[in-house]
Amino acid sequence: MPRSRAPLALALGAALAAPLVLTPPASAADPYTVTPLKFTVQAGGRSCTVDADLYRPAGVDRGHPAPAVLGTNGFGGSKSDGSTDAIGKAFAQRGYVSLVYSGLGFGRSGCLVSLDDPDIDGAAASQLVDFLGGKRAADDGSTADFVTLDAPGDPRVGMIGGSYGGAVQLATASVDHRLDALVPMITWHDLAYSLDPNNAVGAPSVPGAFKWQWTNGFYLIGEGQPLLQPSLDPSRINNLACLHFVTRACRTIHTLNSGRYPAGRTAELLAFARRVSPVSYLHRVKAPTLLVQGQADTLFNLNEATATYRTLRAQGTPVKMIWQSWGHSGGLTGPATGELDLSRGNLETSYVGRRVLAWFDRHLRKQTHTDTGPAFAYHRDWVTDPNRTYATADHVPALNRTLYLSGDGKLVDNRNKVARGTRGYANWMIPTSHSESSLAGLIGLQDPPPHDTKGTYLDWTSKPLERPLDVVGAPRATLKVHSPKAERTQNSGDAADKLVLFAKIYDVAPDGTRTLVRRLVAPVRVPDVTKSFTVTLPGIVHRYEAGHRLRFVIAASDDAYFGNRGIKPVTVVSGPREPGVLRLPVVGS
């Protein structure tokens, strides 16, 4: 089946420098009209203009109102990129009033890029909800008296969008409880984890390994706005040190790029990244939420959506979750594969599209008989029938299969099979392992296969599988490492002196071919090398076929991340009394 990076349009915008093309007024036969509008909003202490398009279905008027759908672009996009205007068209064709807009700092909207801050981006979107509710007019005096109201000033409205246009939905819902339904796609839970992940369990105050390629790619897009959008609104200019972002965003990125994490500065950057992330404000989100996350995503992996899902579910917010194929790193998309592609409008003919329509039918059209589907669904790329690719469950699978790390490099299924042994590796001053090139994906270049350099990693390999093994969820590994050099430096007061390693699981075919599933790795900055620690790997949906072997690897480096400062040799001692453990969420067995 074809594979594509087309979904990157949700994150980056399909036509960053494309001229604005206005849709002409509809004829009697047209399904909707499109009206360009401007709104002056107050956001973060600034007054700025939001550029929007209002899609009004034929036949919708004050006497025949309709519910509304609000949407905005991914990072670097605008209201007129291929994925954002597709939202307006797709839902207007299905009878919804649609309002799509360029997010703050993008397209022809003003204000600074503020990373979907609820108090800024959320507040701006809330003022657009005011327009849909009849509480305010557009700058030209236009009003929307044709949107279904639940109460005066309270429109029946949902939001949909991906990546940057996904998190803003949760930010808006946290400050405006008039939203009736959300569909955040391929977005984040905690930017501190997204950009500087530390997958060690229970170490939220320890920064991880900086994801420098993804982060700097987006940073350059933000700071390069004058090249992409001439004649910027003055409200989009900050200062020479930080042109188009809010100051704290630039300071966070500059700190991450410095490779030094002193305690005070680290606390500040983590606090800012988390304050503008759903992890900090989900307790205020009450709108029914359908989370859609991509399996092929090294930027915002499945663990992010899972964390949001579990938080919302625990507090009683109606929530369901789908793990589709495509994300920021590619995957399957389009009608031929049965996967949703909004730009092609295949809502009714894709599993995710039908779920979105049902979600809005239930919560916006108040069709209470509508079945919105199971609590959890996931795409299986080993199933070729597009009508059967999704499996469903009432919960995310639990960790239910345990393997042990033996001293002879084997991955065994019984503690009694663990052999005693000591093995080691050391990092070099340059990266010696490769998982993925985020920058290659951003500009459409071919990414070389993953690899590790001998002597800079350790691996444990299972025997060939007797039957297929389906892993659905986030594996966990518990291990103990010895590193005298790291032990001497880890309490220096600079977190950069702690040991960094990268955990991952390969699928090894009978011919020796290795596949790093979705090119995902788990960076770890070990909190204390004198103690055992547990690593949560990124979630996957993968079938290990019969005859294949699992290979668990810890590597000294990865060229998509900042790694160790200085050479830090590592030794792992294994034995049956206290072996390392790999736990898997296995389904169907």
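Observations
- Selection from the range 32-57 of residues that are closer than 16 Å to Phe146 by Cα and out of contact with any Asp or Glu (no Cβ under 8 Å at 6 or more places or on another chain): Tyr32, Thr33, Leu54, Tyr55, Arg56, Pro57
- Only one of Leu584, Leu550 that is within 24 Å of Lys417 (Cβ to Cβ) and crowded, with 24+ Cβ neighbours inside 10 Å: Leu584
- Verdict on Ser142 being polar (S, T, N, Q) and on the phi > 0 side of the Ramachandran plot: no
- Every residue from the range 566-578 that is at pLDDT 95 or above and buried (at least 19 other Cβ atoms within 10 Å of the Cβ): Lys568, Val570, Val572
Residue by residue, here is whether (1) assigned to a loop (DSSP other than H, G, I, E, B); (2) assigned by TED's automatic domain parsing to the domain that holds Gly327; (3) not aliphatic (A, V, I, L, M) holds:
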{"site": "Pro184", "(1), (2), (3)": "no, yes, yes"}
{"site": "Asn198", "(1), (2), (3)": "yes, no, yes"}
{"site": "Gly202", "(1), (2), (3)": "yes, no, yes"}
{"site": "Val206", "(1), (2), (3)": "yes, no, no"}
{"site": "Gly217", "(1), (2), (3)": "no, no, yes"}
{"site": "Gly222", "(1), (2), (3)": "no, no, yes"}
{"site": "Ser235", "(1), (2), (3)": "no, no, yes"}
{"site": "Ala267", "(1), (2), (3)": "no, no, no"}
{"site": "Ser280", "(1), (2), (3)": "no, yes, yes"}
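- Looking at Val529, Val572, just one residue is hydrophobic (A, V, I, L, M, F, W, C) and not in a loop (DSSP other than H, G, I, E, B), and that residue is Val572.
- Residue within the range 183-202 that is surrounded by fewer than 19 Cβ atoms within 10 Å (Cβ to Cβ) and closer than 30 Å to Gln490 by Cα present: yes
- Condition check for Thr349: hydroxyl-bearing (Ser, Thr, Tyr), free of Cβ contacts under 8 Å to residues at least 60 places away in the same chain and either under 16 Å from Leu290 (Cβ atoms) or not in a helix (DSSP H, G or I) (or both): yes
- Condition check for Gly110: under 26 Å from His244 (Cβ atoms) and touching an Asp or Glu at 6+ places or on another chain (Cβ under 7 Å): yes
- Restricting the range 156-182 to residues that are part of a helix (DSSP H, G or I) and over 17 Å from the mean Cα position of the chain (by Cα), the residue that is surrounded by the fewest Cβ atoms within 10 Å (Cβ to Cβ): Val175
- Pairs where the first residue, in the range 218-232, is modelled with pLDDT of 75 or more and the second is assigned to a helix (DSSP H, G or I), C-beta under 6 Å, 6+ apart: Tyr219/Ile253
- Flag if Thr368 is of a type in the set (Ser, Thr, Tyr), in a loop (DSSP other than H, G, I, E, B) and either surrounded by fewer than 20 Cβ atoms within 10 Å (Cβ to Cβ) or not assigned by TED's automatic domain parsing to the domain that holds Arg178 (or both): yes
- Of the residues making up the range 111-127, those that are surrounded by fewer than 24 Cβ atoms within 10 Å (Cβ to Cβ) and farther than 13 Å from Gly45 by Cβ number 2.
- Restricting attention to the range 417-447, the residues being part of a helix (DSSP H, G or I) and either modelled with pLDDT of 95 or more or closer than 15 Å to Leu479 by Cβ (or both) number 1.
The values are calculated or read from the model by the stated rules, or taken from the named source; none is laboratory data. The shown structure was predicted, so the numbers you read here are calculated from the model rather than taken from an experiment. For neighbour counting, all protein chains shown are included, and Cβ atoms are generated from backbone atoms with ideal geometry for every residue, glycine included.
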